[in-house]
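The values are calculated or read from the model by the stated rules, or taken from the named source; none is laboratory data. As the structure is a computational prediction, the values presented were derived from the model and not from experiment. Ideal geometry is used to build each Cβ from the backbone, glycine not excepted, and the neighbour counts take in all protein chains shown. Accessible surface areas use protein heavy atoms only, side chains included; no ligands, DNA or RNA. Shrake-Rupley method; radii C 1.70, N 1.55, O 1.52, S 1.80 Å.
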Amino acid sequence: MSLFQRLKQGLAKTSSSIRNKIQSIFQPGALTDEFLEELEAVLLQADVGVEATAALIDALRDDSRNKSFETVEDLYRMMAEKVVDIFAAVDAPLKVADEGPTVYAMVGVNGSGKTTTIAKLAHRYTQQNKKVILAAADTFRAAADDQLAVWAKRTGADLVKHSHGSDPGAVAFDAARAAVARKADLLLVDTAGRLHTKKNLMEELKKIIRVLAREIPGAPHEIILVIDGTTGQNGLIQAREFAQAVDITGLCITKLDGSSKGGIAVAIASELGIPVKLVGVGEQAEDLRDFDARSFAYSLFGIDPD
Ligand SMILES: Nc1nc2c(ncn2[C@@H]2O[C@H](COP(=O)(O)OP(=O)(O)O)[C@@H](O)[C@H]2O)c(=O)[nH]1
Ligand SMILES: [Mg+2]
């Protein structure tokens, strides 16, 4: 199935809700202030966020001065293109080291899909005959390194782990050393996401990042914030908190295969200027895709690109 088809399915609930609401207020012709006001509420309810919603509404207001919308599909298309613009403004590909190991650290709250995304990346790059090392720096959850060990075995990646409860910074240190010594192409660092000791979590993350930066020039090349695509506004709050602690370079939005909301990706890209780089579309190792703004934006409004 193409990414577009998967996203269209995953975002079906959101897009049909958006479409139903717009359909009921749309009138062919110029867009009235009243319509735009109602549209604003629809977008906010879809978790697109205050800033992106304002940008969309402003752009539509400008357009409607010299354009009339004959059909509601015209309007969806125009909105999808505006959403593409929002993503395009911050777009950037996954960074790769010029030489030596490339290092990606995954951060995010528990259950967002960090470990699974690491597994998927390990699968992607071992398939390309790259040497991949996984660092089990989530030493907090007892089952976390078992889960990672299973994926290491399945994908043929190496695993660096310490005992449960040990210092995640020390795991990062050993893993970075191992990545250099074994001439790894890629080091993927898993981290803990518990929220009840938020301050400690963020300090711990900062330490992991410091250790990686010290051991490998330019590392980490990406700090990917993993966000569960089924979360609404809370995703934006999570993004703000993590972005305050560490320099998030990209997002991975997971669970876009289920009944995800999706709007939150637009909100985070717009308000925090963080590009979406990856999307998770299932629980299997193959279910990771590079983000495609067009497929995503058109899916959000339930229309086909082209
Ligand atoms: N449907 C679906 N489930 C996912 C996806 N990514 C992760 N999951 C599931 O979400 C749950 C939590 O994932 P996990 O990687 O353990 O999250 P972590 O706590 O952030 O490491 C697991 O049951 C995963 O199988 C995805 O893209 N789609
Ligand atoms: Mg995990």
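Restricting 102, 53 to residues that are without any contact (Cβ under 8 Å) to a residue 60 or more places away in the chain, surrounded by 15 or more Cβ atoms within 10 Å (Cβ to Cβ) and away from ligand 1 (no atom under 16 Å from the Cβ) narrows the list to 53. Here residue 68 fulfils each of the conditions (1) without any contact (Cβ under 8 Å) to a residue 40 or more places away in the chain; (2) more than 22 Å from residue 229 (Cβ to Cβ) apart from (1). The condition of being surrounded by fewer than 16 Cβ atoms within 10 Å (Cβ to Cβ), in contact (Cβ under 8 Å) with a residue 60 or more places away in the chain, in contact with a helix residue (DSSP H, G or I) (Cβ under 9 Å, 6 or more places away or on another chain) and not in a helix (DSSP H, G or I) does not hold for residue 47. Residue 109 passes every criterion in (1) closer than 14 Å to residue 224 by Cβ; (2) more than 16 Å from ligand 2 (Cβ to nearest atom) apart from (2). If we scan the range 142-156, do we find a residue that is touching a helix residue (DSSP H, G or I) at 6+ places or on another chain (Cβ under 9 Å), more than 16 Å from ligand 2 (Cβ to nearest atom) and in contact (Cβ under 8 Å) with a residue 12 or more places away in the chain? Yes, the range 142-156 contains a residue that is touching a helix residue (DSSP H, G or I) at 6+ places or on another chain (Cβ under 9 Å), more than 16 Å from ligand 2 (Cβ to nearest atom) and in contact (Cβ under 8 Å) with a residue 12 or more places away in the chain. Among all residues of the range 91-108, there is at least one that is at pLDDT below 95 and hydrophobic (A, V, I, L, M, F, W, C).
Out of the range 136-168, which residues are modelled with pLDDT of 95 or more, more than 15 Å from ligand 1 (Cβ to nearest atom) and open to solvent by 70 Å² or more (accessible area, probe 1.4 Å)? The answer is 153, and nothing else.
Among the residues of the range 278-288, is there at least one that is open to solvent by less than 20 Å² (accessible area, probe 1.4 Å), on the phi > 0 side of the Ramachandran plot and under 13 Å from the mean Cα position of the chain (by Cα)?
Checked the range 278-288: no residue is open to solvent by less than 20 Å² (accessible area, probe 1.4 Å), on the phi > 0 side of the Ramachandran plot and under 13 Å from the mean Cα position of the chain (by Cα).
Scanning the range 169-197 for residues that are within 16 Å of ligand 1 (Cβ to nearest atom), in contact with a Lys or Arg (Cβ under 9 Å, 6 or more places away or on another chain) and either part of a loop (DSSP other than H, G, I, E, B) or open to solvent by 10 Å² or more (accessible area, probe 1.4 Å) (or both) gives 192, 193, 194. Number of residues in the range 198-239 that are in contact with a strand residue (DSSP E or B) (Cβ under 7 Å, 6 or more places away or on another chain) and either within 16 Å of ligand 1 (Cβ to nearest atom) or not in a helix (DSSP H, G or I) (or both) equals 17. Does at least one position in the range 275-283 carry a residue that is away from ligand 2 (no atom under 16 Å from the Cβ), closer than 19 Å to residue 191 by Cα, in contact with a strand residue (DSSP E or B) (Cβ under 7 Å, 6 or more places away or on another chain) and assigned to a loop (DSSP other than H, G, I, E, B)? Checked the range 275-283: no residue is away from ligand 2 (no atom under 16 Å from the Cβ), closer than 19 Å to residue 191 by Cα, in contact with a strand residue (DSSP E or B) (Cβ under 7 Å, 6 or more places away or on another chain) and assigned to a loop (DSSP other than H, G, I, E, B).
Could you list, in sequence order, the residues of the range 247-257 that are out of contact with any Ser or Thr (no Cβ under 6 Å at 6 or more places or on another chain) and open to solvent by 10 Å² or more (accessible area, probe 1.4 Å)? Step through it out loud before you land on a result.
Filtering the range 247-257 down to residues out of contact with any Ser or Thr (no Cβ under 6 Å at 6 or more places or on another chain) leaves 247-251, 253-254, 256-257.
Those that are out of contact with any Ser or Thr (no Cβ under 6 Å at 6 or more places or on another chain) and open to solvent by 10 Å² or more (accessible area, probe 1.4 Å): 247, 248, 249, 257.
Checking the stated criteria, residue 295 turns out to be part of a helix (DSSP H, G or I), more than 18 Å from residue 47 (Cβ to Cβ) and open to solvent by 10 Å² or more (accessible area, probe 1.4 Å). The residues of the range 1-30 that are within 17 Å of residue 75 (Cα to Cα), open to solvent by less than 20 Å² (accessible area, probe 1.4 Å) and not in a helix (DSSP H, G or I) amount to a single one, 29. Just one of (1) within 26 Å of the chain's Cα centre (by Cα); (2) at pLDDT below 95 fails for residue 171. It is (2).
Restricted to the range 72-163, the set of helices (runs of 4 or more DSSP H) holding at least 3 residues that are within 19 Å of the chain's Cα centre (by Cα) and within 22 Å of residue 222 (Cβ to Cβ) comprises 72-88, 114-127. Selection of the range 202-235 for residues being modelled with pLDDT of 95 or more and closer than 16 Å to residue 49 by Cβ yields 225, 227.
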